[in-house]
Structure formats: structure tokens, C-alpha cells
Amino acid sequence: MYQDLHTHTILSDGLTTYKQTLDICVQNNISVVAFTDHDLVPGKKELKILNNLRSHQTKWIAGVEMSTNIAQHHIVGLFVDPVNKALIKQGQTIIQVRLERLAKLVKNIRQLGFNLTKKECLSEASGEVVRRPHIVAALLKKEKNIQLVKQLIKKFKKESGKNAVLKEKYLRMEKQMKAEKDNPYRQPVYALFLSSGAFIKGVYVGKKMALNLDGNVKLIRNAGGVAILAHWSECKDKLPIEAVEKMFKKGRIDGAEIVYDFYRIGMGEEKELRAEQNQIKKLVKKYNLLASGGSDAHSAEGLVRFARNPWAAKQTVGLVEKMLIKKRGLFRGWSTV
């Protein structure tokens, strides 16, 4: 059966609860799931819920996805102790930083002419973490804002004809829009102004107080977990494969995801994705590290899409068992595996 070792719930920016996630997994041949919410481990209330789900048919693992100070460079911690004080403290620090960042982002976005408030963004977040997807969701609820996004897309297209770099970014945005026909203006918001390499400069505000790679790995290991490099393709510009190999060789991390970003298949990028994942697989095998992967699902649809993609899902069969064999000392107090 499949194993999804990277998912998000309402604790951060996901749309499903623990119970809903587990039920969906049972229906879709997923026998193990890791809850890896952004920067947060389950609190007392969540741990009580998880305790009551120990007998569920789908087994679960307590985890976390930590932000680093490099854009899109994330570290997934699996089998972590959710009551580890240092892990909890870092998560609370990031939450506060995100709230301060939210105020700045909303101010900058309003200066572009959009109708948006901090309260509207906060209302999109079910849990404590407020991230860019919440801002985008709030933004696109108003027709006026959608019309402005359309205008900016036209401007982007016009300017991209004068610059090769912009052209590449614009064409990628077009692919994303076609791949998300049910919500075509979500990705353009990031490409236009809500990311570090966006078309419109001066709107995006980066994260501060996020730890570097080694800081996150240390935090996860001290919490009894294993540190996994998440979705390498999303940070390959900042972290080329040569740098990844050096990291692996020095033992600075415990493993890497070999299954990720399968949504790109719908964008016509299957060949590129397979090639990038093969690079990581070879290095994981070469240095005898842990192989991981999953849907990175933030919704029920994401979980189902993963399970119904045999090429991605089949590669996750047996990953946890191999981890447990290699790392017999894994903390298992908050895991049903």
C-alpha cells in the first residue's frame, strides 16, 4: 500500500483534519501518512485527538515541515517528539514572524490597488499559521481583485516580450494556469507579486528568524526525528545538485524526498520532473540515506490526486519500513507505525 509522508492539515494551511485525512487515505490505498504541518507540531489539543486515532486503519507519523532562510528550501522532520520544547519554541517564533510579515504584505498589496485586509487573510487560516496561500485565497474572493490580476497578467505578457528571463517566467505561469483550470488566478498572484522572483518588485516580504539548513536539522534530530530535504526541484536554483551532493556526503541531513511535485505532470513537465527526481534518487542511494516522499497535499483533492498517480504513489511503497530498518532508534512515542 502507498505511504504519504508529506501532508498538511488545518493546523497550518491545509483544509482537512487528522481524522478526515486518515479516512481519505483508507479510501485511497494509503496505509501510512505523516502529518507535516508548516513549522508547527501538534499541540496538547491535537495530541489528544491523535491519541484517539491510534487504532485507525491508516497509521500516522508525527512530523513537521520547517522553513529555512533560503527561498523554497524546506526540511521535513519525521518521527519528531511533538512535546520537544525547542521545536515548539521555534514554531511559535515563526508564527509571530509570519503575523508581522502579514501586515507588511497586506500594506504592499493594497498599494497595488487591491482590496484586502489583514482580518480577511486571518479568517482564511483555520490554525495558527498564516501563510501566502491564505492571502491569495482572501484576495481572490473579490471580483475587483480578480480583474486587477487580469490586468497585471496582460502587463506581464507585454513586458515578457522584451526580456528572455521574463518570457520564461511568463510561460511557466501560463502552464500553471492551464493546470489549475478550477482556480486559474491562484498561481499568477505568486508570479506577479507574491514571491521573491516576482514580476512586480517591492511587494513580497521574505521570512526572517527562519533557521538555516543545519539549524533545522539539529532541531529535528534533537527532537528524536530524522531530517528530510523536501521537494528539491523547488529550491534547485538556490541549491544546485552539486551542493546537494556535498550536503549528503558530509552527513548534514538524513535523507531526501524522491517523490514530490507530481502536479507538474499536468503542466507537461513530466520528463523534466523524472530527470530531477532521478538525480536525487541516485545520490540518496549513493550515500545510503533515507528516501521519503509524498503528496504535499493541502486538501482532500491533493491526497486523492497523489493516490491516483501510480508513477508517484508506487514509489512510496515500503519507505517507512526501510527507514525503521536503517534508523532503529527512531522516536516512536508519537507514531502508530
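The values are calculated or read from the model by the stated rules, or taken from the named source; none is laboratory data. Fair warning: this is a prediction, and the values are worked out from it, not measured in the lab. Glycine also receives a Cβ, built like all others from the backbone with ideal geometry; neighbour counts cover every protein chain displayed.
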Within the bounds of segment 295-303, is there any residue that is farther than 25 Å from SER12 by Cβ and free of Cβ contacts under 8 Å to residues at least 12 places away in the same chain? no
Quick check on segment 313-324. Is at least one of its residues surrounded by 15 or more Cβ atoms within 10 Å (Cβ to Cβ), in a strand (DSSP E or B) and in the same structural domain as PHE79 (by TED's automatic domain parsing)? no
Please determine, by comparing only the residues of segment 250-281 that are of a type in the set (Lys, Arg) and assigned to a helix (DSSP H, G or I), which one is modelled with the lowest pLDDT. ARG264
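This table checks each residue for (1) β-branched (Val, Ile, Thr); (2) surrounded by fewer than 16 Cβ atoms within 10 Å (Cβ to Cβ); (3) touching a Gly at 6+ places or on another chain (Cβ under 7 Å).
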position	(1), (2), (3)
GLN96	no, yes, no
VAL106	yes, no, no
GLY113	no, yes, no
HIS134	no, no, no
LEU139	no, no, no
ILE153	yes, no, no
GLU168	no, yes, no
Is there any pair linking a residue in segment 5-32 that is assigned by TED's automatic domain parsing to the domain that holds VAL320 and touching a residue at least 24 places away in the same chain (Cβ under 8 Å) to one that is surrounded by fewer than 24 Cβ atoms within 10 Å (Cβ to Cβ) and among the basic types (Lys, Arg), with Cβ under 9 Å and at least six apart or on different chains, and which? SER12/ARG131; ASP13/ARG131; ASP13/ARG132; LEU22/LYS59; ASN28/ARG308; SER31/LYS59; VAL32/LYS59
From the set of residues in segment 297-312 that are over 13 Å from ASP261 (Cα atoms) and among the hydrophobic types (A, V, I, L, M, F, W, C), which is surrounded by the most Cβ atoms within 10 Å (Cβ to Cβ)? ALA307
Please verify whether segment 239-255 includes one or more residues that are assigned by TED's automatic domain parsing to the domain that holds TRP311, in contact with a His (Cβ under 9 Å, 6 or more places away or on another chain), surrounded by 16 or more Cβ atoms within 10 Å (Cβ to Cβ) and aliphatic (A, V, I, L, M). yes
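Output the residues belonging to segment 282-300 that are in a helix (DSSP H, G or I) and either in contact with a helix residue (DSSP H, G or I) (Cβ under 9 Å, 6 or more places away or on another chain) or at pLDDT below 95 (or both).
The initial filter retains those residues of segment 282-300 that are in a helix (DSSP H, G or I), namely 282-286, 300.
LEU283, VAL284, LYS286, ALA300, listed by residue number.
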If I filter segment 215-231 down to residues being aliphatic (A, V, I, L, M) and not in a loop (DSSP other than H, G, I, E, B), which single residue comes out as nearest to GLY255 (Cα to Cα)? ILE228
For segment 117-125, state whether one or more residues are more than 21 Å from GLY202 (Cβ to Cβ), in contact with a helix residue (DSSP H, G or I) (Cβ under 7 Å, 6 or more places away or on another chain), in a helix (DSSP H, G or I) and modelled with pLDDT of 95 or more. yes
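Matching residues to (1) over 19 Å from the mean Cα position of the chain (by Cα); (2) farther than 19 Å from LYS44 by Cα:
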| residue | (1), (2) |
| --- | --- |
| ILE61 | no, no |
| VAL64 | no, no |
| THR68 | no, yes |
| ILE75 | no, yes |
| LYS89 | yes, no |
| VAL97 | no, yes |
| ARG101 | no, yes |
